[in-house]
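Structure record follows, encoded as C-alpha cells.
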Amino acid sequence: KLAGLRICCIGAGYVGGPTMAMMALKCPEVVITIVDISVSRIAAWNSDVLPIYEPGLDKVVKACRGKNLFFSTEVDQGIRDADIIFVAVNTPTKKVGMGAGRAADLTYWELAARRIASVAETPKVVVEKSTVPINTAEAISAVLHGAGKTRFDVLSNPEFLAEGTAMTDLDNPDRVLIGGNMNESGKAAVAKLADVYAHWVPRERILTTNVWSSELSKLVANSFLAQRVSSINAVSAICEASGADVDEVARAVGMDSRIGSKFLKASVGFGGSCFQKDILNLVYLCQSMGLADVAEYFHSVVMMNDRQKERFVSRMIHGLFNTVTGKRIALLGFAFKKDTGDTRESASIEICRRLIEERASVCIYDPKVEADQIWMDLTAATKLDKTEVQKYVTLCDSAYEAASGAHALAIATEWDEFKTLDYGKIQEDMVKPSFVFDGRNVLDHDALRELGYIVYAIGKPLDPKLNTSINC
Ligand code: UDX
C-alpha cells in the first residue's frame, strides 16, 4: 500500500533523526529523506559518528542509510519529491520581544513553511512534528496556502519519545496521535499518515483527533509529567523537614493504581528541552486567553523546579560550614538525565552557575557530555567569558580525578557508573570531613556513612552531622 510513497523530514535533530530512522526501518518500501541546512549536521548523520547519542540508533541508521533513508542538505529537492513532509525544526522559547521567556519561537517553523510553499509543485501533507503552540497548524496552513501554488493538508503529529529511550519509545509507543481537519482532504491526509504508522503500531493505539486537541495534548502531557516531578520534589522538602523518606512516600503513594508509580523519583530538578519550554508555552497560551489563574497554576510547576535546584545548592553551602568559596566541589554528571549527552535545561547548569557565584572551584565529570557543550552552557548561564569561567571550573576525565582534593561530591545526573565507584578510595583523596550531596538518590547512603562521609540525600532524613542550622 505504501510502495512509492516518499517522505521528507525538515530538521535532522533529536526528534527528526530517530523518528525517521525508525520509520525507515519499519517501512522499507517508503523512501525517506531527512534534510537540514546545517552541512556539518548532515555530514555527521552520513558518517560513523552520529550527531546525537541514543541507544540503538546507530544500528537502525546503519541498516537503512543509503537504502531507503537519506540525509541531505538539498532541502528544496527533498520538499519537491515528497508526498508527506514532516517539520521537526527547533521551537525554542522566545528570547526577545512579545512573550519573551514564555512563548515558543516559531521562526524556524515559519521559514520551513515558506520554503515548502515556494518550492512545492504537487499537493503535500505537511506534518507538525515539533511541539508548537495550539493554532499553529492553522497559522501554517495560512502561510502555505497564501504563498503556495498547490494544496496542503496540515496535520499535527506530536512526538512523545523521551531521550535515552527514543528507539524503544518509537518502536513501541503508548500511542500515536494524529490531528487533522475534519474535511474530506483532511481526513484522507490523516488516513495516509495513519497507514504509515500502522506498519508497526497496532491500530487501536493510533488516535485521531482534531488539530487543536492534538496540539494541546502534547503540551498537557509534558506539563502533567513535569508536575509529577515538581510534586514529589515539593514532598522531598517536607520529608527533610519532618524526617519522612521521600522514596518510601513515593512508593506508598504510587501503589495506588489511580496515581501510578512512574515519574515519582525526587531529584535535583527536572531538565531537558521539553518540560520547561512546553509549560511556559502553555502558561503563555493561558495568559493570552485571559486565563490568569490557570496560567499561574501551571507556572508553579516551573517555580517549584527552580526552587528545588536552589534548595540543593543551599544545602551544600550550609553543609559546608556556610561557605563554599575556594572549596573544591566535584560535580558528577552534567547531562539532564542519564544515557544522553544532552544538557538542555540541565539542573547541573544552574548548580554550577550558583557555585561559580559563590566562588567555589567546581570540577565537572560527565561520561557523555562534550567539553565544548559545557563551556557553551556555562558561559551562557553566567554571562562570563570562557577564561573567566575557567577560573572556577575544571573539566575532568573521570569521577576519581574530579573528586581528588575535593571537599564534596555532588551527584547531579543518575549515571549508572556513579553507583559502582570505589567511594572508599575516593575518600582517601578528599578533604575531611568529606561530603556527598546526592541529588538523585542513587548511592548507598548507609555504606557511605560507614565510610565516614557526611551525606545529604534529597528528601531523606537529614544526617545529624550535616549543618542544618538554616532550614532549606
Ligand atoms: C520528556 C517526555 O518524557 C517525553 O514524552 C517528551 O516527548 C519529551 O520530554 P525527556 O525530556 O527526554 O522526555 O526526559 P524525561 O525522561 O521525561 O525526563 C525529564 C526530566 O525529568 C529529566 O531531567 C529527569 O531526570 C527528570 N525526572 C524524570 C525526575 O527528576 N524524576 C522522575 O521521576 C522522572
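Within this structure, Val324 fails the test of being of a type in the set (A, V, I, L, M), more than 16 Å from the ligand (Cβ to nearest atom) and assigned to a helix (DSSP H, G or I).
Of all residues in the stretch 356-378, those satisfying the criterion of being assigned to a helix (DSSP H, G or I), touching a helix residue (DSSP H, G or I) at 6+ places or on another chain (Cβ under 7 Å) and closer than 22 Å to Ser314 by Cα are Ile356, Asp377, Leu378. Thr343 meets each of the listed conditions (1) closer than 30 Å to Gly405 by Cα; (2) β-branched (Val, Ile, Thr); (3) surrounded by 18 or more Cβ atoms within 10 Å (Cβ to Cβ); (4) touching a Lys or Arg at 6+ places or on another chain (Cβ under 8 Å) apart from (4). Of the numbered conditions (1) under 20 Å from Gly459 (Cβ atoms); (2) within 11 Å of the ligand (Cβ to nearest atom), Asn222 satisfies every one except a single condition; which is it? Single failed check for Asn222: (1).
Candidates Val125, Val89: the one that is of a type in the set (Val, Ile, Thr), touching a Phe, Trp or Tyr at 6+ places or on another chain (Cβ under 9 Å) and more than 30 Å from Gln276 (Cβ to Cβ) is Val125. In this structure, Phe275 does not satisfy being within 12 Å of the ligand (Cβ to nearest atom) and loosely packed, with under 15 Cβ neighbours inside 10 Å. The single condition among (1) of a type in the set (Phe, Trp, Tyr); (2) away from the ligand (no atom under 14 Å from the Cβ); (3) crowded, with 18+ Cβ neighbours inside 10 Å that Tyr297 does not meet is (3).
Restricting attention to the stretch 63-89, the residues that are in contact with a Ser or Thr (Cβ under 7 Å, 6 or more places away or on another chain) and farther than 23 Å from Tyr197 by Cα add up to 1. Of all residues in the stretch 78-107, those that are at pLDDT 90 or above have Cβ atoms under 7 Å from Cβ atoms of residues that are aromatic (Phe, Trp, Tyr), 6 or more apart or on another chain, in Val87/Trp109; Val89/Tyr108; Val89/Trp109.
Considering the stretch 242-269, the residues that are assigned to a helix (DSSP H, G or I) and exposed (fewer than 13 other Cβ atoms within 10 Å of the Cβ) include one that is farthest from the ligand (Cβ to nearest atom), namely Ser242.
The residue of the stretch 333-385 that is nearest to Gly13 (Cα to Cα), among those that are touching a residue at least 40 places away in the same chain (Cβ under 8 Å) and of a type in the set (Gly, Ala, Ser), is Gly341.
Which ones in the stretch 161-207 are within 12 Å of the ligand (Cβ to nearest atom) and crowded, with 18+ Cβ neighbours inside 10 Å? Matches in the stretch 161-207: Leu161, Glu163, Gly164, Ala166, Asp169, Leu170, Pro173, Leu177. May I ask you to list pairs of residues, at least six apart or on different chains, whose Cβ atoms are under 9 Å apart, with the first in the stretch 116-130 being within 14 Å of Pro158 (Cβ to Cβ) and the second being part of a helix (DSSP H, G or I) and of a type in the set (Asp, Glu)? That search, which allows pairs on different chains as well, returns Glu128/Glu215. Quick check on Lys67: is it at pLDDT 95 or above, crowded, with 18+ Cβ neighbours inside 10 Å and farther than 28 Å from Lys338 by Cβ? For Lys67, the condition - at pLDDT 95 or above, crowded, with 18+ Cβ neighbours inside 10 Å and farther than 28 Å from Lys338 by Cβ - is not met. Scanning the stretch 203-219 for residues that are of a type outside the set (Lys, Arg), touching a residue at least 24 places away in the same chain (Cβ under 8 Å) and assigned to a helix (DSSP H, G or I) gives Val211, Trp212, Ser213, Ser214, Glu215, Leu216, Ser217, Leu219. Of the residues in the stretch 292-301, at least one is among the small types (Gly, Ala, Ser) and more than 21 Å from the chain's Cα centre (by Cα).
The values are calculated or read from the model by the stated rules, or taken from the named source; none is laboratory data. These numbers were taken from a predicted model, which means no experiment stands behind them. Backbone-built Cβ (ideal geometry, glycine too); neighbour counts: all protein chains shown.
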